[in-house]
Amino acid sequence: MKYVWVNGKLIPEKEATIPILTHALHYGTSIFEGIRAYWNSDNNNLYVFRARDHYVRFHDSAKIMSIKVGYSVDELIDATVELLRANDVHEDVYIRPITFVSASTVNLDIRNLDVTTAIITVPFGHYLEPKGIKAKVVSWLRVHNSMFPMKAKVSGIYVNSVIAIIDAKVSGFDEAILLNRDGYVAEGSGENIFIIKDGILYTPPVYDSILEGITRDTIITIARDLGLTVTEKRITREELYTADEVFFTGTAAEVTPVVNIDGRVIGNGEPGPIALKVRSYYMDVVHGRVSKYKNWLTPIY
Ligand code: PY5
C-alpha cells in the first residue's frame, strides 16, 4: 500500500528498504504479529480486531527475546490507526507489525543492537479455502517448548512451519498438522486446531508447544456463548481421524474446516454444522455486528 510506518514515521512503502547485512535477515531475529482489519459495508467503517491483545503479545514476544520494541502498546495501536487512515483503507486488510534487529553485524548477542519497528498493511482475502481443506500430519515435529518458547511469535521459528507446509503440499495436501515431541497434536503451520466429538470442542492446551492464538481464545469465548462446551486437552492423532469435525483457527485462517486428514474423511467430508455456526458468529464479531464484543474492535473512521 502507499505508506508504511517505520520508527514513528509514515514513509512511502517503496522507500522502506533494508541493508543486506541486517541481523534479522540472517538469523530470524524479529518478533512480529498478524492482525486483521475488517471492512463493514453496512456502516462504512473499518475495524481492527483485538489490536490490544496482538500488541500485548508483541511485547511479550519482545521481552522473551530481549528485544526492546521502543513503543508502548498504546503507541502501536495509535500508529496502526494513523497508518490505516493514511492508506485510506476501505477493504479487508492484514496488518503486519514487526520489530527486527536492524544492526548490520554477525554477532549473536542482540541485547544492545539497534532494532527497527515497522507496521505494514496489505489487502487480504482468504488465506485458506473456506470450503474445507485437506491436511497432512507431517513427520516434522513442532519445536518443543523446552527448545524455544513457542508463546513467542519470532520470525526464525517459522522455518519449522515452512518445512512442514512444504511436506504437506508436495504430498498433495493443503496444510500441515504438526505433532509435538510427546506425540500429541500441536497445531497447523500457521493455525491452532480444534476438534469436535459428540458436540464438545477440544483444543490442545497452551503448554503443548503451540502459539497461544488470539483467534483460539476468541473461539473458546464465543463458542461458550453459543452454549457449546470447550475443553483444553491433549489430542492424539487417532482422535483427529475419528473426530466429527476439525477446524483451524488463526488471524489469517479465521475458521477453516478441515475435511480430510491423511486421507481419512472427517465427518461426511463437508464442513460440519458446528464449525460453520462458530465461523458465522466469528465473522459477525469481527465485523462489529455483535455489540457485546465491540470492545475487541478499534474503529478507524
Ligand atoms: N499458530 C501459529 C504457528 C501461527 O502462526 C498462528 C498465526 C496461529 C497459531 C494463530 O494465532 P492467532 O489466532 O493469534 O493469529 N499465524 C499468522 C496469522 O496471522 C501467520 C500465518 C502465516 O494468522
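One table, with the values for the structure above:
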quantity	calculated
Scan of the range 1-37 for residues that are acidic (Asp, Glu) and either surrounded by 12 or more Cβ atoms within 10 Å (Cβ to Cβ) or closer than 29 Å to Asp284 by Cα (or both), ordered by number	Glu13, Glu33
Hey, Val122 at negative phi and surrounded by fewer than 21 Cβ atoms within 10 Å (Cβ to Cβ) or not	yes
Any hit, the range 106-119, residues being over 18 Å from the mean Cα position of the chain (by Cα), among the charged types (D, E, K, R) and under 14 Å from Asn7 (Cβ atoms)	yes
Members of the range 154-186 that are touching a Pro at 6+ places or on another chain (Cβ under 7 Å) and more than 26 Å from Gly227 (Cβ to Cβ)	Tyr184, Ala186
All positions within the range 272-292 that are aliphatic (A, V, I, L, M) and either within 17 Å of Tyr202 (Cβ to Cβ) or within 21 Å of the chain's Cα centre (by Cα) (or both)	Ile274, Ala275, Leu276, Val278, Met283, Val285, Val286
Residue among Thr256, Thr231, Thr249 that alone is in contact with a helix residue (DSSP H, G or I) (Cβ under 8 Å, 6 or more places away or on another chain) and modelled with pLDDT of 95 or more	Thr249
Failed item, numbered, when Val246 is tested on (1) closer than 20 Å to Glu212 by Cα; (2) touching an Asp or Glu at 6+ places or on another chain (Cβ under 9 Å)	(2)
Listing of strands (runs of 3 or more DSSP E) fully contained in the range 228-291 that carry 1 or more residues being in contact (Cβ under 8 Å) with a residue 60 or more places away in the chain and of a type in the set (A, V, I, L, M, F, W, C)	245-250, 254-261
Verdict on Val278 being more than 16 Å from the ligand (Cβ to nearest atom), buried (at least 17 other Cβ atoms within 10 Å of the Cβ) and within 22 Å of Gly190 (Cβ to Cβ)	no
Residue check, Asp167 of a type in the set (Asp, Glu), over 24 Å from Val278 (Cβ atoms) and not in a loop (DSSP other than H, G, I, E, B)	yes
All positions within the range 82-97 that are under 20 Å from the mean Cα position of the chain (by Cα) and surrounded by fewer than 18 Cβ atoms within 10 Å (Cβ to Cβ)	Glu91, Asp92, Tyr94, Arg96
Any hit, the range 79-97, residues being small (Gly, Ala, Ser) and over 17 Å from His287 (Cα atoms)	yes
Glu212 within 13 Å of the ligand (Cβ to nearest atom) and in contact with a Pro (Cβ under 9 Å, 6 or more places away or on another chain)	no
Test result for Thr221, more than 15 Å from the ligand (Cβ to nearest atom), at negative phi and surrounded by fewer than 22 Cβ atoms within 10 Å (Cβ to Cβ)	no
Residue that is farthest from the ligand (Cβ to nearest atom) [pool: residues in the range 28-53 that are of a type in the set (Ser, Thr, Tyr) and closer than 12 Å to His90 by Cα]	Ser41
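So that you can scan it fast, the table gives a plain yes or no per residue for (1) exposed (fewer than 14 other Cβ atoms within 10 Å of the Cβ); (2) within 18 Å of the chain's Cα centre (by Cα); (3) part of a loop (DSSP other than H, G, I, E, B); (4) more than 14 Å from the ligand (Cβ to nearest atom):
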site: Asn160; (1), (2), (3), (4): no, yes, no, no
site: Ala176; (1), (2), (3), (4): no, yes, no, no
site: Gly183; (1), (2), (3), (4): yes, no, yes, yes
site: Gly190; (1), (2), (3), (4): no, yes, yes, no
site: Leu201; (1), (2), (3), (4): no, no, no, yes
site: Tyr207; (1), (2), (3), (4): yes, yes, yes, yes
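The values are calculated or read from the model by the stated rules, or taken from the named source; none is laboratory data. Quick caveat, the model's predicted, so the values are computed rather than measured. For neighbour counting, all protein chains shown are included, and Cβ atoms are generated from backbone atoms with ideal geometry for every residue, glycine included.
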